[in-house]
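Report on the structure given below.
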Amino acid sequence: MKVIYVETPDGTVSVRDVQEPPLLTDYDCRVAIVYGTICAGTDGHILHDRLPWDMPYPLVLGHESVGRVVERGPKVRHLKVGDLVARVGTASAADGSWNIGWGGFAEFGFCRDWRAMQEDGVEKSEWDDYRIHQVIPGDIPAEAGPLFITLRETLSYTQRLRIGEGTTLLIVGSGGNALAFVAHARCLGAEQIVVIGSAAREAVFREAGATGYVNYKALGQITQKFNRVIDTVGKESSSDDILPFLADGAILGIYGLDDWEKLILRPARTTATFTIYQGGYDEPETHDQVVEGFRAGAYKREWWTGEPLFTLNTFTNALAAIERRELIKPLIRVHIAGGT
């Protein structure tokens with residue numbers, strides 16, 4: 001099968017033919033991975049070895065992929081052939097010669113029937129991580145499937161920050177996660193949603209629900225205080241720079257990982273007493289809500305991916321589009337024969 005292969009963290013990738021690993025348990029399904037999106041954050045960090053933990057190079061890239069079930073293991077009963085399943089990927093090489101950076105950019109991968117494992121009394125530690133493998137209903141276009149990963153994670157985080165009616169929200173960043181937070185906050189009834197980001201992306205953020213937009217070079221334009229702040233960038237000083245805009249009792253969520261181990265927060269920059277949220281998120285808990293959001297028109301795939309469609313063979317063109325800031329999340333057609 002063809003994969004996007006990262007040999008060393010020097011920013012380059014290649015398309016390689018590798019041996020498909022076998023299914024590991026009787027609860028596994030083989031899937032043809034049909035679509036994926038490139039995450040400028042996580043995938044970009046993997047390409048340049050910037051994550052705050054070690055990655056096992058060489059590896060197969062990708063964590064925002066969906067696949068169709070083409071084969072079922074003997075104990076699978078909650079998944080059927082043809083189902084479109086979120087957050088799939090290949091496994092590491094059977095001989096240990098390569099690993100995965102979640103392995104979503106591979107023509108074939110697997111998903112696991114975690115519900116059957118739960119029903120059969122298998123230890124939770126063996127299936128809990130696979131709750132991410134959930135079916136996307138047939139009325140949701142397959143091309144939108146890769147966005148479920150970002151949308152589920154960020155919706156869980158948004159709700160755990162208790163964002164809703166009456167919330168005044170400041171979002172730092174204008175990437176894919178920031179756009180998701182805007183869309184969620186609008187759905188949840190936030191009173192104000194102000195974004196600090198690149199001027200080039202103001203239009204799409206306002207369409208998604210932002211009530212205000214400030215160029216990151218002009219923070220002096222901000223005159224109000226906010227009771228919720230989400231930093232989707234996580235640069236060394238990105239959270240520190242917005243401390244003056246925190247209302248008393250505010251909650252600050254630092255979602256970005258760019259400089260996670262070098263973050264600066266200088267309390268003298270604010271007179272507010274505030275909390276730093278450390279509760280994380282649970283991606284699969286919001287799956288059904290994201291389904292309903294797509295059905296209600298709350299999320300438009302094109303906000304993130306635009307119209308261009310790339311393949312494994314044109315993957316470097318997609319990376320270049322991110323570097324030029326032309327697209328937020330390029331959409332990749334992975335397995336051409338996998339069906340839509």
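The values are calculated or read from the model by the stated rules, or taken from the named source; none is laboratory data. Just so you know, these numbers come straight off a predicted model, no measurement behind them. Cβ sites come from the backbone with ideal geometry, for glycine too, and all protein chains shown count toward neighbours. Note: accessible area is taken over every heavy atom of the protein model, side chains too, but ligands, DNA and RNA are not part of it. Shrake-Rupley method; radii C 1.70, N 1.55, O 1.52, S 1.80 Å.
The table below gives the values:
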item	result
Those residues of the stretch 232-247 which are open to solvent by 20 Å² or more (accessible area, probe 1.4 Å) and over 21 Å from R160 (Cβ atoms), in sequence order	K235, E236, S237, D241, P244, F245
Residues being under 19 Å from the mean Cα position of the chain (by Cα) and more than 30 Å from Q134 (Cβ to Cβ) - total across the stretch 173-200	1
Condition broken by V229, with the remaining ones in (1) open to solvent by 30 Å² or more (accessible area, probe 1.4 Å); (2) over 21 Å from G297 (Cα atoms) satisfied	(1)
Residue pairs meeting the criteria (Cβ under 7 Å; at least 6 apart or on separate chains; first within 20 Å of Q224 (Cβ to Cβ), in the stretch 264-285; second charged (D, E, K, R))	R269/D240; A272/D248; T273/D248
Boolean, G89 is open to solvent by less than 10 Å² (accessible area, probe 1.4 Å) and either at pLDDT below 95 or within 19 Å of I322 (Cβ to Cβ) (or both)	no
Set E107, E119, E126: member being more than 15 Å from the chain's Cα centre (by Cα), among the charged types (D, E, K, R) and closer than 30 Å to S14 by Cβ	E107
Residue match in the stretch 153-175 (condition: touching a residue at least 60 places away in the same chain (Cβ under 8 Å), in a helix (DSSP H, G or I), over 22 Å from E307 (Cβ atoms) and hydrophobic (A, V, I, L, M, F, W, C))	yes
Meets criteria (in a strand (DSSP E or B), among the β-branched types (V, I, T) and buried (at least 18 other Cβ atoms within 10 Å of the Cβ)) for I276	no
Of all residues making up the stretch 219-240, the number that are among the acidic types (D, E), modelled with pLDDT under 95 and in a helix (DSSP H, G or I)	0
Residue in the stretch 38-45 that is surrounded by fewer than 18 Cβ atoms within 10 Å (Cβ to Cβ) and farther than 14 Å from F315 by Cβ present	no
